[in-house]
Amino acid sequence: MNLPEPLAQISWLSVLVFSPLAAAAVAAVLRSERAVRWWTLAATLAVAAASVPVALGFDPTTPAFQFVEDRPWIPFLGARYTLGVDGLSLVLVLLTTGILPLCVLASWRYITTRVREFMLGLLVMETAMVGVFCALDFVLFFLFWEAMLVPMALLIGVWGGPRRVYAALKFFIYTMAGSVFLLVAIVALYLMTGTFDLRALMGRGYPLAVQVWVFLAFFVSFAIKVPMVPFHTWLPAAHVEAPTAGSVILASVLLKMGTYGFLRLSLPITPDATRLLAPYLTWLSVAALVYGGLTALAQSDLKKLVAYSSVGHMGFATLGIFTLTRAGLEGAVLQMINHGITTGALFICVGLLYERLHTRELGAAAGVGKHVPVFAGFFGVFVLSSMAFPGTNSFIGEFLALAGAFEASRPVALAAVPGVVLAAAYLLRMLQKVAYGSPHNPDHAGVTDLTLREGLTLAPLLGLVFWIGLHPAPLVRLFAASVQHLLEQTLGPAAVPPAAGP
Amino acid sequence: MSSFWLHPALVMLAGAALLPLVPERARRGWLLLVPALAFARTLGLEPGTWGEVRFLDWTLVFGRVDRLSLVFGYILALMAVLATLYGLHVRRVGEHVAAWVYAGGSLGVIYAGDLVTLFVFWELMALASVFLIWYRGRPESLGAGYRYLLVHLAGGVALLAGIVLHYQATRSLAFEALAVDRPTLATYLVMTGFILNAAVPPLHAWLPDAYGEATFNGSVFLCAFTTKTAVYALARGLPGLDLLVPLGVIMAVYGVVYAVLENDSRRLLAYHIISQVGYMVAGVGLADLDTPVGQLALNGACAHAFAHILYKGLLFMGTGAVLHMTGESRFTRLGGLYPKMPWTFLFTLIGGLSISAFPLFSGFISKSMIVTASFEDHRLWAGFGLMLASAGTFLHTGLKVPYFIWFGENRCSRETWERAADPGWNMTLAMLLTAALCVFIGCYTPYLYGMLPFQPVTYQPYTSYHVAETLQVLLFTALGFFLFLKKLTPEPTISLDTDWFYRRGGRAFLRLAEGPVRALDAWWGELYRRAGLAGLVRAAREARWFDQSLIDGAVDGLAAAVRAGGERLRSLQRAHVQESLWVALAVTALGLVGLLLYRAW
């Protein structure tokens, strides 16, 4: 950790985790809707600003956890309040704190009823999400993991679309069912080792049978979260019915918790089981890739299309993870970040379109691009990025993931290629329809182009698309050491070739 | 990386980039200022190697300044000033931008010290100059511009291939003289790229095609830059390559022959560029730099390039003025314009006399260096061939062009006659300055000779023998012209040149593409649509059905089943709270008893 004194004295992670909660407490007593909106925007921006010193002070050369805080919490359980970040968690924390202000901006005019409660929900969610990424104690981890379910379900269930209650319940029950298995695994590990500390649980060399059961328990929970086929059906419902900000948070952050769980928990704690089952999971990921692509191709609802594209993209991420190669893992982490940026942006775009057209049907949106050229420009870039067009951010991630897959098993890589083609197919079809349509487009006479606020919401994401696409090195450097260490933990130190030069 | 060195090309390129932003009132000042600044910069350059930039594994050299590049840079920058002055009244900003980018690219080639920089600026020249053709806006201009661009890009590809092979062989990218005594494929490919830009037959047909079709001031730029930059490149990279001597001589005669046949005055001048560049190419071919003869030849090539830029520019300015004022450039539609455009006539005449190497004009002191060098090198056929071309030159450019435009039978239409007048102040001033320079260079030889690469220049053009010989050739040519005046009257003709091959070939290729290739593509597309796309869409629909009905059906079905079970169970409850409590307690008690019994077992 390289921060100058007195900055080094501050418990940055606790600040990051709990300041949204404090801001929520303040927002609860604010009177006017306008004040609530501005206060939430200011608070999320302040948290984003607070994550900058953490990023700057982070030492990328070591995989050890940094900014560690360790305090007693529940002595009779043995649970401690332990927070810490390594490269992997850091980039996800940055993603979370960065995307929340944009969610607030995207909800500015979208949410018209119960604005204060909505912003409260966003802030509480931010606490929970950052907490998940920073927690190094299993009880704390599980607490934050569960804590994000309720606000999310409320976000969907109160401010969502026509079938919001169905979607919210489905999301809640699905995820909770998975979390039950996670809880069982946590308790089992505690009973075996007597500790809840994640760092102590890693690399213990449990017997293989135990590892397999624990891995499977983790797997159910995380696979539902990612989501991996066939545990994915909550995603389309939740995404379609959620409000824009809810979809963005869901896509950008919540889905990453599943893959984060794999990386933080499954790989280091149950390495032998991971190595044993990884080949099957790569095939499952490829199935998700192709299946997500096929179903997306069949959709006519814009939001559902993007939701299924998420299934496909996260298939790339899990593919990268389970190849257990450096390229694959780096690609997976990059893919997580890039998917957060790109799909978040796509959901914002679809939300903007919905605000204007009051429909999400692709046919109804045909040819609107001519009336909203600025929007079409942004949309086009994000679609290209989603398709992993070279020069945009997703290209690097998918390329590395495929390279890892190629290294691990050539048939898997070859089977993944149709998924890439499918992605191009449904995304370009969507872009073509929205931007140009056909000679018989519906009448879009009154549709207005992006306002300044909406442009400001999308502009940082656009910048990130190109910055990461053309110059990914600084970002990759942040988590490269952690990935290397993770590989060593999973494969054993001798099996991992040393890192190439910068 | 050395500290920042201001490249003259950078001045032109920056000026071009900023020109659209300059307000209309200040535009003329900007147009005069930027080339003047670039010219001043070339005057202030110190010999040496400047502007080195590290790029990947290589060191790019942007500023290789020595006597050879100084003389070319000087005249090209000066020409940029004069040509911009000539076109000062053109309103369309894009034309000026294109011309300046073109000139900047040319200066970039002149000072390039390595092959990568050379190539980049080479291509930049082609891409910028095509706009000078397209801006003419006639229906023919589009096709002419495309042919120009395609030919130049093909030449660029040949050049690039040569550079790559050269790099593979020598691992060096320095733009120095290639080994000409043992020419390799790389040498020939580089030569092909250079001679295409120099318009050496058979790769020359783009020149009359394009230069006759460009805008009236665009041609002034075009005639100066591309070919002379190619001559510089030949002089730098391939001095003494023997193949260039016959190529140059054939060029000189070829250009003259076709020029005689031409009806359009600017196409005639364009063919004549080929002829004059032939002198320079032959000079470069003779330039075996270790011998005094070779040095004389290279000096001659540089001097001729210098003089040629000026007088060719002047000629294009004159005929361009006629085109601009009357809208006509063909001899069959002009004639007898002297009363209306006397000054233009005077300047064009000076240009014509310069190009014919009349004593006291610039061509005299430069062309003769090359001819003398070829005789000194005992290549008699080369020397006589070049002298023959001289005669032809005077015939058409010195005599035919001025005579059939400004004198002779007046074949102007009414409209042409009405519009004819001497052009505006800027065009007249540009022509005046250029003409004055032509005369000055011809009369005061140390001015040009002092700039040549190989010093001291001992060659003396004004010997009584040489003056007498030249006057003999020229005056007998004039006699022949006036005797055969009737035969030389222009007729509306189109000369077939080597571009016939690629224009016809292009049409044949298009027929191939529209016929068999398109049919094949349509068949393949139909196959793809039937077998591929339809199958894909069907698979997509089935995946969606699987997702919604099967998986979701199972999940929703499970939830529905649970709820149905709950409904059933609820019917067991009745409203009484106490009853529910008793039931709950009873079940718990039973459970505990069962557990105790089990443990005790």
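Here are the numbers:
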| read-out | value |
| --- | --- |
| Residues of region A:447-488 classified as closer than 20 Å to A:His371 by Cβ and part of a helix (DSSP H, G or I), total | 6 |
| Unique match (being away from every other protein chain (no Cβ under 14 Å), in contact with a helix residue (DSSP H, G or I) (Cβ under 8 Å, 6 or more places away or on another chain) and closer than 24 Å to A:Arg477 by Cβ) among A:Phe399, A:Phe382, A:Phe347, A:Phe375 | A:Phe399 |
| A:Leu255 being of a type outside the set (S, T, N, Q), part of a helix (DSSP H, G or I) and touching a His at 6+ places or on another chain (Cβ under 9 Å) | yes |
| Selected residue [under 21 Å from A:Leu305 (Cα atoms) and either modelled with pLDDT under 85 or outside any helix (DSSP H, G or I) (or both)] from B:Asp547, B:Asp552 | B:Asp552 |
| Residue that is without any contact (Cβ under 8 Å) to a residue 24 or more places away in the chain and surrounded by 24 or more Cβ atoms within 10 Å (Cβ to Cβ), where the choices are A:Thr282, A:Thr342, A:Thr295 | A:Thr295 |
| From the options B:Arg563, B:Arg568, B:Arg574, residue that is of a type outside the set (A, V, I, L, M) and not in a helix (DSSP H, G or I) | B:Arg574 |
| Checking A:Ala238 against (1) away from chain B (no Cβ under 14 Å); (2) among the aliphatic types (A, V, I, L, M); (3) surrounded by 24 or more Cβ atoms within 10 Å (Cβ to Cβ), the condition it does not meet | (1) |
| Single condition B:Phe509 does not satisfy, out of (1) more than 14 Å from chain A (Cβ to nearest Cβ); (2) surrounded by fewer than 11 Cβ atoms within 10 Å (Cβ to Cβ) | (2) |
| One residue from B:Ala205, B:Ala186, B:Ala199, B:Ala214 being over 16 Å from the mean Cα position of the chain (by Cα) and either at pLDDT 85 or above or farther than 24 Å from B:Tyr86 by Cα (or both) | B:Ala186 |
| Scan of region B:534-549 for residues that are more than 9 Å from chain A (Cβ to nearest Cβ) and either hydrophobic (A, V, I, L, M, F, W, C) or in contact with a Ser or Thr (Cβ under 8 Å, 6 or more places away or on another chain) (or both), ordered by number | B:Ala534 |
| Verdict on B:Gly525 being in a helix (DSSP H, G or I), more than 26 Å from A:His232 (Cβ to Cβ) and within 12 Å of chain A (Cβ to nearest Cβ) | no |
| Test result for A:Glu407, of a type outside the set (Val, Ile, Thr), at pLDDT 90 or above and farther than 20 Å from A:Ser300 by Cβ | no |
| Condition met for A:Glu69 (more than 20 Å from the chain's Cα centre (by Cα) and either closer than 23 Å to A:Leu456 by Cα or modelled with pLDDT under 90 (or both)) | no |
| In region A:28-44, residue nearest to A:Gly98 (Cα to Cα) [restricted to those that are surrounded by fewer than 16 Cβ atoms within 10 Å (Cβ to Cβ) and hydrophobic (A, V, I, L, M, F, W, C)] | A:Ala42 |
| Qualifying residue in region B:248-263 (condition: closer than 27 Å to B:Val81 by Cβ, of a type outside the set (Asp, Glu) and buried (at least 24 other Cβ atoms within 10 Å of the Cβ)) | no |
| Spans of helices (runs of 4 or more DSSP H) in region A:123-207 with at least 3 residues without any contact (Cβ under 8 Å) to a residue 40 or more places away in the chain, among the β-branched types (Val, Ile, Thr) and away from chain B (no Cβ under 14 Å) | A:164-193 |
| Answer residue from region B:448-503, given it is in a loop (DSSP other than H, G, I, E, B) and among the basic types (Lys, Arg) and is farthest from B:Gly145 (Cα to Cα) among those | B:Lys486 |
| Residue under evaluation A:Ala298, criteria (1) at pLDDT 90 or above; (2) within 14 Å of chain B (Cβ to nearest Cβ), criterion not met | (1) |
| Qualifying residue in region B:496-505 (condition: over 30 Å from A:Val421 (Cβ atoms), out of contact with any strand residue (DSSP E or B) (no Cβ under 9 Å at 6 or more places or on another chain) and β-branched (Val, Ile, Thr)) | yes |
| So B:Leu520, is it within 14 Å of chain A (Cβ to nearest Cβ), surrounded by 10 or more Cβ atoms within 10 Å (Cβ to Cβ) and under 29 Å from A:Ala425 (Cβ atoms) | no |
| Candidates A:Ala153, A:Ala147, filtered to the one that is more than 27 Å from A:Leu461 (Cα to Cα) and either at pLDDT below 95 or in contact with a helix residue (DSSP H, G or I) (Cβ under 9 Å, 6 or more places away or on another chain) (or both) | A:Ala147 |
| Of residues in region B:356-371 being within 17 Å of B:Cys302 (Cβ to Cβ) and of a type in the set (A, V, I, L, M), the one surrounded by the most Cβ atoms within 10 Å (Cβ to Cβ) | B:Ile370 |
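Yes/no matrix, rows are residues, columns are (1) of a type outside the set (Val, Ile, Thr); (2) at pLDDT below 90; (3) surrounded by 19 or more Cβ atoms within 10 Å (Cβ to Cβ):
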position	(1), (2), (3)
B:Leu115	yes, no, yes
B:Trp122	yes, no, yes
B:Val130	no, no, yes
B:Ala144	yes, yes, yes
B:Ile163	no, no, yes
B:Ser172	yes, yes, no
B:Ala177	yes, yes, no
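The values are calculated or read from the model by the stated rules, or taken from the named source; none is laboratory data. Quick caveat: nothing in here was measured; it's all calculated off a predicted structure. Please note: Cβ atoms are built from the backbone with ideal geometry, for glycine as well, and neighbour counts cover all protein chains shown.
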